[in-house]
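Worksheet: one structure, shown below.
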Amino acid sequence: MASHDNEECLPPPPSIVPSHVKPLKIEPELVKNKDPPRVPIARRELGSKGRALTLLTNHFKVEVANTDGYFYQYSVALFYEDGRPVEAKGSGRKILDRVQETYKSELNGKDLAYDGEKTLFTMGSLAQNKLEFTVVLEDVTSSRNTRNLSPDACGSSNDVDRKRVRRSFRSKKYKVEINYASKIPLRAIANALRGNETDNYQEAIRVLDIILRQHAAKQGCLLVRQNFFHNDVRNFKPVNGGVLGVRGLHSSFRTTQSGLSLNIDVSTTTIVQPGPVLDFLLSNQNVTDPYHLDWAKAKRTLKNLRIKTSPSNQEYKIIGLSNLPCKKETFTLKKKGGGEDDSEEITVYDYFVKRRNIALKCSANFPCINVGKPKRPTYVPIELSDLVSLQRYTKALSTHQRSSLVQMSRQNPQQRMRDLSDAQRTSNYSSDPMLRNCGISITTRFTQVDGRVLDAPRLKFGNGENFNPRNGKWNLNDKIIVEPVKISKWAVVNFSASCDLQRLVDGLKKCGRMKGIQVESPFGMFEEQDQFSSSSPVLRVEEMLKQVRSEHPKERPQFLLCVLPEKKNSELYGPWKKKNLVEHGIVTQCIAPAKLNDQYLTNVLMKINAKLGGMNSLLGIERSPSDHIIFNVPTLILGMDVSHGSPGQDIPSIAAVVGSRQWPLISKYKACVRSQGSKVEMIDNLFKPVPGPKGTTKDEGIIRELVMEFYLSSRKIPKNIIIFRDGVSESQFNQVLNIELGQIIEACKFHDESWKPKFTVIVAQKNHHTKFFQPRSSDNVPAGTVVDNTICHPRNYDFYMCAHAGSIGTSRPTHYHVLWDEIGFSTDDLQELVHSLSYVCQRTTTAISIVAPICYAHLAAAQVGQFMKFEDRSETSSIRGGANASPVPELPKLQEDVCNSMFFV
């Protein structure tokens with residue numbers, strides 16, 4: 001209904017109202033204006049504290065001469081001759097290359113930057129806004145093959161076969177439609193460099209990245225987003241299971257304080273082992289005899305991979321495997337000179353051996369590869385098939401494969417600099433015609449930046465000892481833990497036959513005495529009974545706990561030490577943690593010791609002490625508060641992270657938020673962990689109003705739980721809240737500010753309308769490609785290195801910090817973005833706070849590479865996420881959004897006795 005200000009627009013009064021009565025005008029209720037959307041704050045002053053240090057970085061300066069030009073964007077549609085859209089990946093580039101070759105004059109001689117899908121860009125406009133072209137390409141994998149195409153799949157060598165089947169090597173017509181979409185000014189890049197970003201800027205940078213992708217594609221590279229991998233065996237390394245690690249390059253354009261730069265770094269990915277299909281399957285399934293292969297698994301693994309067949313050397317995509325072995329799988333073969341009905345049934349094996357005279361040594365008893373269609377198959381014997389190189393392996397990697405890939409990607413700083421220098425010289429970007437037309441030139445020199453090395457914070461240990469770490473490290477050899485706990489009612493359970501439990505217990509008691517922790521003798525050491533060792537993980541855990549309860553039936557143990565057979569990814573870990581934390585409220589520590597020396601046992605004791613409420617070390621300022629704002633004003637520190645399943649896994653994502661407790665301490669934390677929709681990055685349970693008793697509403701969100709714990713442990717309501725958020729990209733910064741921070745503010749208002757804490761929001765990123773190097777030194781940058789100039793954002797408030805001492809490979813700094821700061825930190829104070837929070841992790845004697853609250857959130861999400869792996873699969877089979885999707889299964893709640901502990905350390 002429309003509302004009007006003029007009385008003349010009011011409807012006439014009902015006839016029952018006396019004529020002398022003037023109707024009242026009801027003004028529409030004023031709509032409350034929502035707060036304007038929050039945007040990331042601008043940079044304040046640069047930091048000044050610390051020892052100056054000149055560094056080099058893997059950013060290469062880019063000059064843009066033609067800032068008055070425009071990129072013209074066009075949409076591309078590709079069709080077959082009969083009007084069907086072209087959907088095969090990889091076809092587009094070949095078709096557009098042919099368009100450019102054939103219709104150069106119609107394209108005004110323009111070079112095309114094609115994204116490989118539905119968009120292309122030119123420098124300047126094409127002759128018309130709409131263009132249509134027809135091109136002809138040799139098609140090596142025609143989908144219009146006859147039923148009896150099995151002979152030709154491996155190349156026919158005689159006239160009889162040529163007459164009997166259609167050639168799969170055939171010309172094919174394609175129709176190409178190009179339509180104008182928009183134009184993008186290059187000046188948008190110049191504006192962004194002055195701190196004035198627009199949507200045009202993002203599009204302009206995207207075009208430049210597409211030009212580099214196309215440059216790499218023309219060199220035959222595998223493209224993975226902005227990473228390029230050449231087909232060079234020198235860059236390949238086996239990582240087990242028929243998978244190769246391949247080293248390549250990442251490149252991306254960045255706007256920085258010093259101008260546009262190209263960030264180039266070494267990157268790695270995994271590909272399928274090229275070569276004979278049978279060799280790949282043997283390696284993939286870790287068997288030595290083809291007769292032991294699981295062919296159902298092989299079918300799933302091979303689907304959609306590409307092969308080349310011999311002797312024809314034609315390329316096909318694998319559709320599946322035959323149901324019968326090669327010597328029994330038949331197809332219809334027309335006889336020489338016969339009519340339509342004159343044909344015979346022949347096995348694939350007999351055809352290749354008897355008709356083609358191709359010797360098959362091992363294919364007879366194995367399935368054939370189908371390169372046709374499920375209902376119109378084209379069969380190839382498995383030993384005549386080789387997997388094409390540079391096919392990306394996208395399945396989840398095993399622990400061993402991940403470890404091998406990490407080792408492969410490690411390079412010391414000098415080696416990485418040499419590789420990047422060589423790559424920049426050999427990439428020959430100056431030869432790219434599109435870049436030349438844009439007036440873009442890229443230097444081959446590393447960018448020099450000014451770094452600073454912050455002093456390490458003072459640490460406090462037992463007996464009042466203070467200590468200043470050197471290069472981010474310290475040891476406990478001659479130190480007493482600052483807040484030790486007494487370990488009394490505890491036991492050891494052993495799922496591993498190789499561990500000497502008595503030696504383990506004696507070692508823990510001895511190390512405990514040295515560190516000030518009183519470790520009493522356990523009330524039991526329990527070995528797994530042989531009859532259960534091959535049972536399901538859940539049953540094995542239940543039977544072990546039955547043994548423990550039989551020795552200690554009335555009283556709950558304070559702590560259980562669990563010896564697992566595997567160091568990582570043990571199938572017992574999830575059920576063990578869930579049973580103890582959720583059902584029994586018992587803190588546990590899992591170990592898989594390779595050797596029982598003092599250093600290993602001290603590290604185990606540090607984790608146990610922290611889980612039971614003790615502290616191993618503190619920052620000196622936590623016990624002697626300074627004028628720092630977080631110690632003068634009650635301050636809650638939050639760490640937030642979301643853990644997602646592996647690619648292809650449709651399982652809930654796990655959101656974890658940790659909050660500091662016992663202010664003014666900033667070293668003790670409580671964790672809240674919740675499940676949410678698969679691959680959902682924004683945390684959606686920070687504020688969760690639900691119906692309460694008698695028509696009321698209550699909040700069951702994460703923030704309320706953490707605020708209550710802060711209040712109960714500190715007897716203060718926080719006036720400042722500092723949020724550290726992990727795992728979000730720059731495109732999600734506004735969502736963090738307006739969705740997540742918005743939820744937190746609502747939670748505070750719900751608790752008390754008058755409570756309005758001040759917020760500081762900082763995003764931490766590890767997944768980037770900026771590295772720092774010391775000129776003329778093979779060492780990594782020192783612990784505490786911070787950079788906030790030259791290569792940082794031209795407007796936004798960001799800085800890089802390498803708080804840790806990199807001992808292996810090249811250190812990766814953490815990129816911190818300060819999105820919001822109502823508290824009003826100075827740049828130096830904020831950088832020192834971030835640096836100090838890298839020293840409070842209770843599970844290590846080194847500064848870590850990211851602030852402890854984020855590290856803890858990551859650990860909590862990973863540990864509780866293990867609970868989900870052992871739930872009934874039907875409960876988690878459909879957890880994506882949508883009207884008909886099943887609700888996300890909730891995580892079980894931890895017992896009250898352990899939910900406030902640092903169980904995640």
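The values are calculated or read from the model by the stated rules, or taken from the named source; none is laboratory data. This is a predicted model, so every value here is computed, not measured. Heads up, the Cβs are rebuilt from the backbone with ideal geometry, glycines too, and the neighbour counts pull from every protein chain shown. Remember, those area values only see protein heavy atoms, side chains included, never the ligands or the DNA or RNA. Shrake-Rupley method; radii C 1.70, N 1.55, O 1.52, S 1.80 Å.
Largest accessible area first, the residues Lys375, Lys749 order themselves as Lys375, Lys749 under a 1.4 Å probe with ligands, DNA and RNA left out.
Suppose all protein chains stay in the model; what accessible area per residue would a 1.4 Å probe give for the chain, in Å²? Display every interim value, and only then the final one.
Values: 42850 Å² over 905 residues.
I get 47 Å² per residue for the chain.
Sum up the charges of everything whose Cβ sits under 14 Å from the Cβ of Gly259, counting Lys and Arg as +1 and Asp and Glu as -1, but leave Gly259 out. Could you put the intermediate results ahead of the total?
Working: positive: Lys61, Arg194, Arg254, Arg445, Arg795; negative: Glu63.
That sum, taken over residues with Cβ under 14 Å, equals +4.
Summarised in one figure, the compactness ratio Rg/Rh of the stretch 455-580, Cα atoms and Kirkwood Rh, is 1.07. Using the structure shown, list the pairs from Lys756/Lys893; Lys509/Lys716; Lys61/Lys183 with a Cα-Cα distance above 28 Å, or answer none. Listed pairs above 28 Å: Lys756/Lys893; Lys509/Lys716.
In the structure shown, do any of Lys175/Lys395; Lys473/Lys595; Lys299/Lys579; Lys308/Lys771; Lys554/Lys694; Lys303/Lys361 have a Cα-Cα gap over 32 Å, and if so which?
On the way: Lys175/Lys395 35 Å; Lys473/Lys595 23 Å; Lys299/Lys579 37 Å; Lys308/Lys771 40 Å; Lys554/Lys694 39 Å; Lys303/Lys361 24 Å.
Going by Cα-Cα distance, Lys175/Lys395; Lys299/Lys579; Lys308/Lys771; Lys554/Lys694 fall outside the 32 Å limit.
Structural descriptor for the chain: relative contact order 14 percent, calculated from alpha carbon pairs under 8 angstrom and at least 6 residues apart. With 10 Å bins beginning at zero, the pair-distance distribution over Cα atoms of the stretch 525-595 amounts to 18, 58, 23, 1 %. What separates the Cα centres of the stretch 92-123 and the stretch 617-649 is a distance of 52 Å.
Taking the Cα centre of the chain as origin and assigning +1 to Lys and Arg Cβ atoms and -1 to Asp and Glu Cβ atoms, the resulting dipole is close to 1840 debye. Given +1 at the Cβ of Lys and Arg, -1 at the Cβ of Asp and Glu and no other charges, the dipole of the stretch 288-445 around its Cα centre is 520 debye to the nearest 20.
Roughly speaking, to the nearest percent, how much of the chain's 1.4 Å accessible area is carbon and sulfur? Don't skip to the end; give the middle numbers.
On the way: 20240 of 42850 Å².
Reported share for carbon and sulfur atoms: 47 percent.
Summing charges over all other residues whose Cβ lies under 12 Å from the Cβ of Ala497, with Lys and Arg as +1 and Asp and Glu as -1, gives -4. Within the stretch 630-738, list the trypsin sites (Lys or Arg not before Pro) lying in a DSSP loop whose Cβ has at most 10 other Cβ atoms in a 10 Å radius. Answer by residue number: Arg715. What angle do you read, to the nearest 10 degrees and between 0 and 90, between the alpha-carbon axis of helix 702-714 and the longest principal axis of the chain? Its long axis makes an angle of about 30 degrees. Counting only DSSP beta bridges whose two residues both lie in the stretch 469-595, roughly 5 percent are antiparallel.
Find, to one decimal place in angstroms, the Kirkwood hydrodynamic radius of the chain, where the mean of 1/r is taken over every pair of different Cα atoms and then inverted. Can you show the working numbers first?
Details: mean 1/r = 0.0309 Å⁻¹.
32.3 Å is the Kirkwood radius here.
Once you reduce the stretch 453-477 and the stretch 536-563 to the center of their Cα atoms, the two points are 39 Å from each other.
How charged is the neighbourhood of Ser521? Take every other residue with its Cβ under 12 Å from the Cβ of Ser521, and add Lys/Arg as +1 and Asp/Glu as -1. Each step should come with its number before you reach the end.
Values: positive: Lys489, Lys509; negative: Asp506, Glu520.
Every neighbour counted, the sum reads 0.
Ranking Thr378, Val519, Thr394 by how far each Cα lies toward the positive end of the dipole of the chain (charges on Cβ) leaves Thr378 at the top. Rounded to the nearest 10 degrees, the angle from helix 413-427 to the longest Cα principal axis of the chain is 30 degrees. If R0 equals 25 Å, the separation of the Cβ atoms of Lys130 and Lys89 corresponds to a calculated FRET efficiency of about 0.45.
Note down the Stokes-Einstein diffusion coefficient of the stretch 64-105 in µm²/s, whole number, using a Kirkwood radius over alpha carbon pairs, 25 °C, and 0.890 mPa s.
Details: Rh = 12.9 Å.
The Stokes-Einstein estimate is 190 µm²/s.
Residues whose amide H lies under 5 Å from that of Lys373, counting only those 5 or more places away or on a different chain, are Thr378; hydrogens are built 1.01 Å from N in the peptide plane.
Axis angle, to the nearest 10 degrees, between helix 827-836 and the longest C-alpha principal axis of the chain: 90 degrees. Segment Asp500..Val538, full-extension length gain: 11.2 nm, with 0.36 nm per residue of separation and the alpha-carbon distance subtracted. Only DSSP H runs of four or more residues enter the estimate; each adds -39500 (n - 2.57), and after division by the residues of the chain the mean residue ellipticity at 222 nm equals -6500 deg cm²/dmol. To the nearest 10, the accessible area of Leu504 is 0 Å² with a 1.4 Å probe. Note on the stretch 197-251 and the stretch 834-864: Cα centroid distance 32 Å, given to the nearest whole angstrom. Length gained on full extension, His751 to Lys297: 158.0 nm, using 0.36 nm per residue less the C-alpha separation.
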